[in-house]
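The values are calculated or read from the model by the stated rules, or taken from the named source; none is laboratory data. A quick note: this is a predicted structure, and the numbers were derived from the prediction, not measured. Quick reminder, even Gly has a Cβ in these numbers, built from the backbone with ideal geometry, and neighbours come from all protein chains shown.
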Amino acid sequence: MKINTYILRGILIIGLLNLCACEEFVEVAPPNNKLVSEEVFNSDATARSAMTGIYNQLFLAEFSSGSRSSITVLSGLSADNIQNINPNVLTRMQFENNDLLADNESNLAIWSSAYSIIYMTNAMLEGLGNSSNVSAELSDQLEGEARFIRAFTYFYLVNLYGDLPLILSTNYKENQLASRMSKNDIYLQIVNDLEVAMALLPSEYTTGERTQVNKYAAIALSARVHLFLKDWEKAIDLSAMVIDASSTYELLNNINDVFLANSREAIWQISPIGGGGGLTQTNEGSLFIIHPVFSFLASIKLRPSFATTFEGEDLRFQNWIGYHEGEDAFFAYKYKIWNSSEFPIEEYSMVLRFAEQYLIRAEAYAQTGNLAEAIKDIAIIQQRAGLSPVSETKPNISQEELLNLIMEERRKELFAEWGHRWFDLKRTDNAGGKLSDIKPLWETTDFLYPIPSEERRKNPNLSQNEGY
């Protein structure tokens with residue numbers, strides 16, 4: 001696997017240890033394990049800084065960056081909300097056409113960057129476990145944060161690739177020949193990491209920034225995980241815990257405020273400060289916005305068939321979707337800043353947000369047959385969007401109709417965010433039915449991405465997904 005290729009990079013990030021307010025990286029010589037444990041974890045300040053380095057790296061790692069090789073873009077292309085502007089970019093067109101090749105460079109970028117982050121979290125956990133110089137309280141908190149990020153990363157990997165190597169240490173000799181574990185085993189690890197994180201993390205954002213995960217971030221992700229596992233009651237209980245935290249979170253009446261830095265709808269965000277340069281816009285903003293003058297730089301647009309599904313009075317259509325006349329193209333406009341070098345930073349990349357918890361609970365309620373409570377939750381999302389609630393428009397809605405409505409609301413609420421639509425189509429067994437008409441190359445095996453051929457060349461124990 002390419003995991004060992006990232007060892008130096010990972011240790012450098014763990015050993016970055018930036019103690020200055022601007023949070024820039026500090027390069028250090030390649031350390032051995034003793035140096036990592038003794039220097040990186042010799043105080044609360046250096047250990048906290050190491051965790052900051054992992055958060056910063058999430059802005060740079062391809063899978064989580066929000067840029068062209070991110071899950072937001074590539075899995076978005078695999079579904080039916082966005083498409084490429086230039087059909088000659090073959091690497092991304094393979095995602096749009098659901099015709100991926102195992103040697104696709106962007107597919108490799110997702111896999112390798114995600115395992116790089118997993119390596120960093122493993123190094124963090126090992127360092128904390130071997131150190132007696134970090135206070136017990138901070139050590140517990142940092143363990144919770146590292147376990148959360150590891151669970152978060154594995155969640156995306158398992159939903160993209162299915163069975164995976166389960167890497168829980170920094171032992172590269174073992175890791176480079178690791179075989180794939182079953183999807184169920186990966187989910188067991190995700191659930192375990194999140195349970196530990198929920199127990200260890202504080203409820204508050206101790207830095208004052210929502211770029212740091214807290215207990216509610218772990219609960220929110222766990223609610224999603226249990227929804228995917230079809231554990232409806234657990235999903236209901238967990239999402240309710242977040243929804244009830246009204247002192248910290250709320251649905252914002254002005255939906256243009258949702259994606260601002262530290263908005264009260266944000267459960268977890270990633271800051272552009274991780275880029276380490278002078279630019280302070282999100283990658284999503286610079287990628288999705290079709291600039292009125294520099295439109296030739298645009299690479300992604302919304303599918304017209306998606307944009308036209310919105311009702312005219314839907315505030316999400318009015319405020320989260322832009323239109324460029326010259327390109328005759330709709331574009332995602334959730335982030336408003338295309339380019340910036342200003343401080344304080346106005347927008348952070350949204351990872352987990354409050355609205356999703358209502359959608360999770362609504363779906364889980366509907367699946368259990370509690371339509372009345374499901375209708376209440378989905379009505380909250382509809383009313384925030386300026387729409388008449390289903391309780392008024394269709395009070396006698398059936399369970400099947402309500403579940404279909406919830407899927408449509410998820411599509412409209414969460415578009416251009418972290419591949420939600422792709423994962424929703426797959427987990428509800430609707431990918432083929434929704435995509436085969438618009439994607440002539442669709443095959444039933446396309447619901448999983450291929451294991452990158454370079455990884456299989458380096459690790460003969462890696463099997464390939466069916467169809468590749």
Inset, instruction - Among the residues of segment 268-317, count how many are aliphatic (A, V, I, L, M) and not in a loop (DSSP other than H, G, I, E, B). - result: 8
Inset, instruction - Could you grab me the full set of residues in segment 415-467 that are in a helix (DSSP H, G or I) and more than 23 Å from residue 183 (Cβ to Cβ)? - result: 457
Inset, instruction - Looking only at segment 437-446, decide whether some residue is surrounded by fewer than 18 Cβ atoms within 10 Å (Cβ to Cβ), touching a residue at least 12 places away in the same chain (Cβ under 8 Å) and within 19 Å of the chain's Cα centre (by Cα). - result: no
Legend entry - The lone exception for residue 132 - which of (1) touching a residue at least 12 places away in the same chain (Cβ under 8 Å); (2) more than 23 Å from residue 352 (Cα to Cα) it fails: (1)
Legend entry - Where a residue in segment 50-70 is small (Gly, Ala, Ser) and its partner, wherever it lies, is modelled with pLDDT under 95 and not in a loop (DSSP other than H, G, I, E, B), with Cβ under 7 Å and at least six apart: 50/14; 50/40; 53/13; 53/14
Legend entry - Candidate set: segment 358-374, residues that are without any contact (Cβ under 8 Å) to a residue 40 or more places away in the chain and of a type in the set (A, V, I, L, M); chosen: the one farthest from residue 232 (Cα to Cα): 372
Inset, instruction - Please work out which one of (1) crowded, with 23+ Cβ neighbours inside 10 Å; (2) of a type in the set (A, V, I, L, M); (3) more than 27 Å from residue 157 (Cβ to Cβ); (4) touching a residue at least 60 places away in the same chain (Cβ under 8 Å) is the condition residue 267 fails and give its number. - result: (3)
Inset, instruction - Kindly check whether there is at least one residue in segment 349-372 that is surrounded by fewer than 17 Cβ atoms within 10 Å (Cβ to Cβ) and in a helix (DSSP H, G or I). - result: yes
Legend entry - When residues of segment 195-254 are limited to those that are within 27 Å of residue 426 (Cβ to Cβ) and of a type in the set (S, T, N, Q), the one surrounded by the fewest Cβ atoms within 10 Å (Cβ to Cβ): 222
Inset, instruction - Would you mind telling me which numbered condition in (1) among the charged types (D, E, K, R); (2) surrounded by fewer than 19 Cβ atoms within 10 Å (Cβ to Cβ); (3) in contact (Cβ under 8 Å) with a residue 12 or more places away in the chain residue 174 fails? - result: (3)
